[in-house]
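The values are calculated or read from the model by the stated rules, or taken from the named source; none is laboratory data. What you are looking at is a predicted structure, and each value in this text was computed from that prediction instead of being measured. In this analysis, Cβ positions are derived from the backbone assuming ideal geometry, glycine residues included, and neighbour counts consider all displayed protein chains. The protein model used for the area step is the full one, side chains on, heavy atoms only, and it has no ligands, DNA or RNA in it. Shrake-Rupley method; radii C 1.70, N 1.55, O 1.52, S 1.80 Å.
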Amino acid sequence: MKLAYRMYAGPAHIGTLRVASSFKNVHAITHAPLGDDYFNVMRSTSERERDFTPVTASVVDRHVLARGSQEKVINNISRKDEEQHPDLIVLTPTCTSSILQEDLQNFVDRASLSSESDVILADVNYHRVNELQAADRTLEQIIRFYLDRARRQGTLDRSVANAPSANIIGIFTPGFHNQHDCRELKRLLGELGVAVNQVIPEGGYLKYLRDLPRAWFNIVPYREVGLMTATLLEKEYGMPYISITPMGISNTADFIAQVGKLVNVWAYALLEKRLNYKLYVDNQTKFVSQAAWFSKSIDCQNLAGKEAAIFGDATHAASITKILVKEMGIRVSCSGTYCKHDAERFNEQVQGLCGEVVVTEDHTEVGDTTARIEPSAIFGTQMERHIGKRIDIPCGVISSPVHIQNSPPGYRPFLGYEGTNQVADLIYNSFHLGMEDHSSDVFGGHDTRGISTKSLSTGRSDINWTPEAESEPNRIPGFVRGKIKKNTEVSAKQNNIPEITIDATYAAKEKSSS
C-alpha cells in the first residue's frame with residue numbers, strides 16, 4: 001500500500017458507501033476508526049442534497065481493541081434495523097477490519113438472525129481494488145442478490161415491455177455531473193421514443209430490481225461503474241447493453257445508432273415497424289447543438305495550433321480527447337487516466353489521437369509531464385487545476401475528483417446534445433480565460449505573480465539569477481513568462497553560464513529570434 005496525500009480514486013470502502021447511499025432506504029455501516037465517517041460530509045456538500053441516507057460508523061476504539069468487534073458491530077446493525085427499518089444493511093470492510101482480521105461475514109450471519117432487514121457484507125478486497133472498482137463490484141453484488149432471490153421466489157418478471165425501454169446503470173453519488181447527465185439521457189431517450197425502465201443505483205428502490213429484465217436493453221454511460229452489472233444481465237438474462245458514452249457530436253451519433261440497432265431488434269417483432277433516427281441526429285446536430293457550428297467558427301479556428309494536456313477517469317479523458325482532436329482540431333500533447341485497471345481499452349480509445357499516453361495514479365508524475373509539455377490548456381481533475389495554478393496554465397475540470405465549485409446546482413450535463421454545448425464552452429473558456437488572467441499585463445497593469453519555474457517535483461532551478469535579470473521577465477505578459485525563463489535557462493546551460501545576468505537574457509532573446 002502506498003501512502004499518498006492526494007489520491008485520484010479513494011479507498012474501496014468509499015466506493016461501497018457511494019453505491020449503498022445512492023439507493024433509497026439502504027443503510028451502510030462501516031467498521032473503521034473515528035474520522036473515517038467523513039463520507040456523510042463529502043456526500044452532502046458535493047451533491048448539495050437535503051435528503052439522503054447517511055452512513056453509520058461502527059467506531060473501532062480502545063474497547064473494541066480490548067474485547068473484539070463482534071458485539072459492537074452486531075449491536076449497530078440491530079439498532080439501525082430497529083430505528084430506520086431499511087430494506088438492506090451493507091456492512092463495509094475497511095483497512096482496519098482487515099488488519100484486525102475480523103470475521104465480518106460471521107457478524108453479518110449472526111445479525112441476520114434477528115434483523116428484519118436484509119444484511120450483506122460487501123464483497124470487495126480492500127487491498128486490491130480502489131473506490132471505482134469496489135463501487136462496480138458492490139452494485140453487481142446487490143443486483144445479483146435481489147434478482148437471484150426473485151428468481152427463487154418466482155416473482156421475477158421476465159416479460160419484455162411492450163414499448164422500447166432501457167435501464168440506465170451506473171448513475172450514482174457523488175459522481176461528476178451524474179445528476180445532470182442522467183436528466184439529459186432521459187430527455188434524449190424520450191425524444192427517441194425509448195422509456196427509462198429504471199435508473200440504478202441513484203434513487204432506485206430494491207423492491208423494483210426484479211423488473212430490471214423487462215427493459216429491452218441497458219445503458220452504461222460511464223465505464224468506471226456499471227459494466228459488471230450490465231455483463232451480469234447480459235449473461236444471465238440475455239439483455240444487450242450499450243457502453244458508448246454519448247459525449248461529443250460524434251460519440252452521441254454513434255450512441256443513437258446503437259440505440260436504433262437494439263430497438264429495431266424488438267420493434268419489428270412487437271410493433272411491426274423499424275425506427276430510423278438519422279433525421280433526428282441531423283436536426284439535433286444542426287439546430288440544437290451549437291458545437292458543430294462552433295467548431296467551424298472563427299473563434300474555434302483561433303485555437304488552431306494550441307496544445308492541450310488531458311487527464312482524468314478513463315471515460316471522460318478519452319471522450320474529451322476525441323472531441324478536441326476530431327471535432328475542434330486541437331492538438332492533444334498528452335492524454336492520461338488514473339484508471340489503471342482499464343488501461344488497455346483507454347489506450348485503444350486514444351491511439352493515434354495524442355502525442356503520448358500516461359496511465360498513473362501519481363499526481364506528481366502528471367504534474368511533471370504537464371510542466372514538461374507546457375500545453376496551452378489543461379483538462380483534468382481538481383489535481384490538475386492545482387497543477388495549472390502553480391505553472392500558470394489554465395485548466396478546465398472534466399473529471400472527478402473535483403472541488404465543490406465544480407458541483408454546480410445549475411444544469412450542466414456533459415452528455416447528449418446539450419452536453420456538447422457545455423463541453424464546447426468549457427474548452428473555449430479554458431483556453432481564453434488563460435489570456436484574460438494576464439490582460440492587466442497587456443494593457444499596462446501590474447502583476448504580482450512570480451516567475452514560474454515549470455517544475456513541480458524538483459523544486460527551484462539550479463541556475464541563479466541576478467536580481468536585475470530576475471526582474472526583466474516582469475516586463476512581458478505573464479502567459480509567456482515561464483517559457484521565456486525556461487528558454488533563457490536552457491541557453492545558459494548550453495553556454496556554461498553559471499549565473500544569469502541581464503546580458504545573458506538579451507543573448508538568449510537574440511538567439512531565439514534568429
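Taken residue by residue, region 97-110 has at least one member that is among the β-branched types (Val, Ile, Thr), buried (at least 18 other Cβ atoms within 10 Å of the Cβ) and either at pLDDT 85 or above or assigned to a loop (DSSP other than H, G, I, E, B) (or both).
Do you know which residues across region 56-96 are modelled with pLDDT of 85 or more and under 30 Å from the mean Cα position of the chain (by Cα)? Of everything in region 56-96, those that are modelled with pLDDT of 85 or more and under 30 Å from the mean Cα position of the chain (by Cα) turn out to be Pro86, Asp87, Leu88, Ile89, Val90, Leu91, Thr92.
Given the condition under 30 Å from Pro174 (Cα atoms), in contact with a Leu (Cβ under 7 Å, 6 or more places away or on another chain), in contact (Cβ under 8 Å) with a residue 60 or more places away in the chain and open to solvent by 60 Å² or more (accessible area, probe 1.4 Å), answer yes or no: does some residue in region 280-300 qualify? Walk me through how you get there before you give the answer.
Quick first cut of region 280-300, residues under 30 Å from Pro174 (Cα atoms) only: 284, 288-291.
Of the ones still in play, those that are also in contact with a Leu (Cβ under 7 Å, 6 or more places away or on another chain) are none.
No, region 280-300 contains no residue that is under 30 Å from Pro174 (Cα atoms), in contact with a Leu (Cβ under 7 Å, 6 or more places away or on another chain), in contact (Cβ under 8 Å) with a residue 60 or more places away in the chain and open to solvent by 60 Å² or more (accessible area, probe 1.4 Å).
If you go through region 197-207 one residue at a time, do you hit one that is modelled with pLDDT under 90 and either of a type in the set (A, V, I, L, M) or part of a helix (DSSP H, G or I) (or both)? Checking region 197-207: not a single residue is modelled with pLDDT under 90 and either of a type in the set (A, V, I, L, M) or part of a helix (DSSP H, G or I) (or both). Only one entry of Val265, Val225, Val220, Val259 meets the criterion of being surrounded by fewer than 18 Cβ atoms within 10 Å (Cβ to Cβ) and touching a residue at least 24 places away in the same chain (Cβ under 8 Å), and that entry is Val265.
Quick test for you: out of His403, His438, His446, His432, pick the one residue that is under 30 Å from Ile171 (Cα atoms) and at pLDDT below 85.
Values: His438 fails: under 30 Å from Ile171 (Cα atoms); His446 fails: under 30 Å from Ile171 (Cα atoms); His432 fails: under 30 Å from Ile171 (Cα atoms).
Selected residue: His403, the only one of His403, His438, His446, His432 that is under 30 Å from Ile171 (Cα atoms) and at pLDDT below 85.
Out of curiosity, is Pro408 part of a loop (DSSP other than H, G, I, E, B), open to solvent by less than 20 Å² (accessible area, probe 1.4 Å) and out of contact with any Cys (no Cβ under 6 Å at 6 or more places or on another chain)? Answer is no for this residue.
Taking the conditions (1) open to solvent by less than 10 Å² (accessible area, probe 1.4 Å); (2) under 16 Å from the mean Cα position of the chain (by Cα) in turn, Ala371 satisfies each one other than (2).
Listed here are the residues, each with its yes/no results for (1) within 30 Å of Ala343 (Cβ to Cβ); (2) open to solvent by less than 30 Å² (accessible area, probe 1.4 Å).
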site	(1), (2)
Leu113	no, no
Ile120	no, yes
Tyr126	yes, no
Glu131	yes, yes
Glu140	yes, yes
Arg152	no, no
Thr155	no, no
Val160	no, no
Asn167	yes, yes
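Tell me whether region 312-333 contains one or more residues that are open to solvent by 70 Å² or more (accessible area, probe 1.4 Å), of a type outside the set (Gly, Ala, Ser) and over 27 Å from Gln133 (Cα atoms). Taking every residue of region 312-333 in turn, at least one turns out to be open to solvent by 70 Å² or more (accessible area, probe 1.4 Å), of a type outside the set (Gly, Ala, Ser) and over 27 Å from Gln133 (Cα atoms).
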